[in-house]
């Protein structure tokens with residue numbers, strides 16, 4: 001399946017956090033770069049040594065990224 005969300009991301013009026021992983025076999029890192037080019041505010045983070053489920057595989061790193069983002073967005 002191919003999904004292209006670039007236009008939807010461009011229209012978002014809130015900060016966007018994209019979290020990608022180096023070992024993901026479903027969502028490739030080139031999509032992280034595409035997202036970086038689309039978001040107005042926010043950021044893209046890449047978690048090393050993780051697959052498609054970094055929230056389960058590396059929960060400490062994932063949670064830190066999300067919490068830092070939420071603090072910055074206050």
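The values are calculated or read from the model by the stated rules, or taken from the named source; none is laboratory data. What you are looking at is a predicted structure, and each value in this text was computed from that prediction instead of being measured. Here Cβ is always computed from backbone atoms with ideal geometry, including for glycine, and neighbour counts include all displayed protein chains.
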Quick one: count up the residues across the range 17-31 that are surrounded by 17 or more Cβ atoms within 10 Å (Cβ to Cβ) and over 20 Å from residue 59 (Cβ atoms).
1
Could you check residue 48 against (1) under 20 Å from residue 69 (Cα atoms); (2) surrounded by fewer than 17 Cβ atoms within 10 Å (Cβ to Cβ); (3) modelled with pLDDT of 95 or more; (4) in contact with a helix residue (DSSP H, G or I) (Cβ under 8 Å, 6 or more places away or on another chain) and say which number it fails?
(4)
Any chance you could count how many residues in the range 34-54 are outside any loop (DSSP other than H, G, I, E, B), in contact with a strand residue (DSSP E or B) (Cβ under 8 Å, 6 or more places away or on another chain) and over 9 Å from residue 20 (Cα atoms)?
4
Any residue in the range 62-72 that is within 14 Å of the chain's Cα centre (by Cα) and not in a helix (DSSP H, G or I)?
no
